[in-house]
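The values are calculated or read from the model by the stated rules, or taken from the named source; none is laboratory data. Computed from a predicted structure; not experimentally measured. FYI the Cβ positions are ideal-geometry reconstructions off the backbone, even for glycines, and counts take in every protein chain you see. These area figures cover heavy atoms from the full protein model, side chains too; ligands, DNA and RNA do not enter into them. Shrake-Rupley method; radii C 1.70, N 1.55, O 1.52, S 1.80 Å.
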Amino acid sequence: METKLLPCLLLAGLLSACANTTNDTTSTPSATSDTQQADSMPALVGPYQVKHQAVDLFFKKPAISNFQLSPNGMHISYLARNEQGRMQLFLKTDGQQDKQLTQVTSQNLDGYLWLDDNHLGYYQDNDGDENYQLNMINVDTGTITNLTPFPSTRVGGVQRIKNKPGKITFYMNKEDKRYFYPYSLDINTKRITPEFARSDSLWGPIYDQDGFARVKQRWAPNDDRYEKMEYHYRHPGDMTFSKLITVNKDDDFSIIHFNDATNEIFALTNHNSDKVRVVKFDMDTHQMATVFEHADYDVLGAGFIPQDNELSWVYFAEGKGKLKPLSPTTKKLYQVIESKFSTHFTVNSMTQDGKKVILANTDANIPVEYMLFDTETQSFTALGKASPWLKSEHLSDMRPIQFQARDDLTIHGLLTLPRNKEKTNLPIVILPHGGPFGVLDTWGYNPEVQMLAHQDYGVLQINYRGSGGYGKEFLTAGFNQFGTGSMQHDITDGVKWLIEQGIADPKRVMIYGASYGGYATLAGLTFTPDLYACGVDYVGISNLHTFLMNMDESWGMGREFWLENVGNPYTDIKKLKEISPYYHVDKIKAPLFVAQGAQDPRVKQQESDQIVNALRKRGVEVKYMLKQDEGHGFHKEENQQHFYDEMIDFLASCPANNRI
């Protein structure tokens, strides 16, 4: 098994929203404290009835999704929606009714995978608290076992060991909530074995297909500022590690393949370069050589198919996203897929021998369809459409765009305009992505974007400074640039570009974002108060000082990253207040809609409560939706539908902006 290292920063999560009757509550805010729970919308009573066709089209859970092949290709599993809007796990059976494996009633499944040829594993948390536990299903007997029944513990990064059926590895913060340590587990005995010791000088193992830790890492000795990371390697069967490479803390470095036939290691890195590229190490000489690079874009993905001993493919974000086949075998398969299925697709699953593949098309304006591809016979078998009620005429075209920021830097983005409408003087929703660092919006089907376009709004997504995909210099240009800095300026400049192009009606420009995008929404309404007609803040930060002070301990080293690149709540109080919308509510003039999950471990409820209370004290109109059974983004169908119904109503009622 080859896998990228799963550091604590990734497990803690960037600020990206993960977008039965609910347990909404209504309470009375304190008259003296903005941090008290703000009065929210009334609770839902009974099953939710959707108000808008667009919400029913785009935010009814898919009829089917996430098809996966067992390692030997004998089984196909998938998720399917039940009448209550919950996704259940199913097993396809030839000539018979497909077998339902789960009966979840409250919480949806949060991803699943095959643990071996007869067992599936799936994640579940509790109402969005992100304390994911790993459950296992025997597909023959239907028996379900919780493999990690530990309270207040998060499990992630589960990988099966290719040549050791029944053995898996994963990360878990059971010992210390700040750190995610590696473990292995035998699914037959249920025995969990730590793959670390606190006395270890090396950590973060990267395993080969036999489950042998081939690469480990550590901070460079005597590096009290954590500026340098060392990666150490050993040959199969060896006990001793030797240093492979030392990289800077802001460098990417991830192993993608061990090729023992040629004694080479392949990795993705931007060490000593601006763009992430594919490199290989000759383990006899420890020399590093570039295998593939792009002058303008990071390599976002790369890999090998089982039939290849050379790099098979790479992916980067040029235009609509470019999947580039490299090996002769992959080029031939790619041509067949392009000609018979789709020019834009993703590989959902592949058998261990690479002979069978499940594909899904990723076109922005074609409904998602799943296909089984036999690479030997080059035949296709349709598995079904994700949302059969969704037709091409419901979808609008998304196109890549670029514009020049105020300092003449090129900024990339995506523009979606409603079908069958004049392309001028349109109402526009600006949709900044979450994260923010290293995340980017890419071309493809996006239900939020399509829902808004269906309501006749144009939608602009901007990959502002700090986004991933465009190189290290572009990413780090977003460091310490929140609020009044270049990250927000890029969003503002995108609005002005749309107006100059005649596409946007300057009086009907709105802004909506989730997580960091919610912060960008509040910052837009605060620091450019005459630019937007109204805004929607979904699980966003309002006060960077309280956000950083109250960070969940599971952020681990991720918290240090934020303190360095956003601000320190102990030493940078003045700076943080200057860029926190909460401290400038007197500048906000436009109506605001705020949505929050009470169980959110990333952006705590306090962030929404305090901005709502502060604005209401000033008499500013604020609509507030608080869901007690959700976390960082709403996952349950009825809560998603309620939110988007209310958002459509809110945007429709937004008064024209006569301040611009």
inquiry  = Need the failing condition index for THR362 against (1) at pLDDT 95 or above; (2) open to solvent by 20 Å² or more (accessible area, probe 1.4 Å), just the number.
reply    = (1)
task = Would you be able to tell me the number of residues in the stretch 490-542 that are assigned to a loop (DSSP other than H, G, I, E, B), among the acidic types (Asp, Glu) and either open to solvent by less than 10 Å² (accessible area, probe 1.4 Å) or under 20 Å from ASN480 (Cα atoms) (or both)?
result = 0
note = Scanning the stretch 279-303 residue by residue, those part of a loop (DSSP other than H, G, I, E, B), open to solvent by less than 40 Å² (accessible area, probe 1.4 Å) and in contact with a Leu (Cβ under 9 Å, 6 or more places away or on another chain) turn out to be MET283, ASP298, VAL299
message = I'm checking my understanding of the structure. Among residues of the stretch 102-122 that are surrounded by fewer than 20 Cβ atoms within 10 Å (Cβ to Cβ), within 21 Å of ASN188 (Cα to Cα) and not charged (D, E, K, R), which one is nearest to the chain's Cα centre (by Cα)?
response = LEU113
query = When the stretch 120-152 is examined, which residues are found to be out of contact with any His (no Cβ under 7 Å at 6 or more places or on another chain), in a loop (DSSP other than H, G, I, E, B) and not acidic (Asp, Glu)?
reply = ASN126, ASN131, TYR132, THR141, GLY142, THR143, LEU147, THR148, PRO149, PHE150, PRO151, SER152
inquiry  = Could you list, ordered by first residue, the pairs with Cβ atoms under 6 Å in which the first is in the stretch 554-570 and under 22 Å from ARG218 (Cβ atoms) and the second is open to solvent by 10 Å² or more (accessible area, probe 1.4 Å), at least 6 apart or interchain?
reply    = SER554/LYS177; GLY556/CYS8; GLY556/ARG178; GLY556/TYR179; MET557/CYS8; MET557/LEU9; GLY558/LEU9; ARG559/MET551
task = May I ask you to list the residues in the stretch 198-227 that are open to solvent by 20 Å² or more (accessible area, probe 1.4 Å), among the hydrophobic types (A, V, I, L, M, F, W, C) and in a loop (DSSP other than H, G, I, E, B)?
result = LEU202, PHE212
message = Looking at the stretch 95-109, I want the residues that are on the phi < 0 side of the Ramachandran plot and modelled with pLDDT of 90 or more and have a partner that is open to solvent by 70 Å² or more (accessible area, probe 1.4 Å) and part of a loop (DSSP other than H, G, I, E, B) with Cβ atoms under 7 Å, at least 6 apart or on another chain. Which pairs are those?
response = ASP98/LYS92
message = If a residue must be in contact with a His (Cβ under 7 Å, 6 or more places away or on another chain) and of a type in the set (S, T, N, Q), how many such residues does the stretch 379-431 contain?
response = 1
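Please indicate, with yes or no, whether at least one residue in the stretch 334-343 is among the aliphatic types (A, V, I, L, M), within 20 Å of the chain's Cα centre (by Cα) and within 30 Å of GLY413 (Cβ to Cβ).
No, the stretch 334-343 contains no residue that is among the aliphatic types (A, V, I, L, M), within 20 Å of the chain's Cα centre (by Cα) and within 30 Å of GLY413 (Cβ to Cβ).
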key: Considering residues of the stretch 256-271 that are more than 21 Å from LEU475 (Cα to Cα), of a type in the set (Val, Ile, Thr) and not in a loop (DSSP other than H, G, I, E, B) only, the residue most open to solvent (accessible area, probe 1.4 Å)   = ILE256
query = Filtering the stretch 572-603 down to residues that are among the polar types (S, T, N, Q) and touching a Leu at 6+ places or on another chain (Cβ under 9 Å), which residue is farthest from LEU651 (Cα to Cα)?
reply = SER580
note = Per the filter on the stretch 304-323, residues modelled with pLDDT of 95 or more, open to solvent by 60 Å² or more (accessible area, probe 1.4 Å) and over 23 Å from PHE474 (Cα atoms) are TRP313
ask   = With ASN425, ASN420 as the choices, which residue is more than 15 Å from the chain's Cα centre (by Cα), open to solvent by 10 Å² or more (accessible area, probe 1.4 Å) and farther than 20 Å from ALA54 by Cβ?
value = ASN425
ask   = What residue, among those in the stretch 582-616 that are among the basic types (Lys, Arg), at pLDDT 95 or above and outside any helix (DSSP H, G or I), is least open to solvent (accessible area, probe 1.4 Å)?
value = ARG602
note = Taking the stretch 55-91 and keeping only residues that are of a type in the set (Gly, Ala, Ser), under 27 Å from the mean Cα position of the chain (by Cα) and surrounded by fewer than 21 Cβ atoms within 10 Å (Cβ to Cβ), one is left with ALA63, SER65, ALA80, GLY85
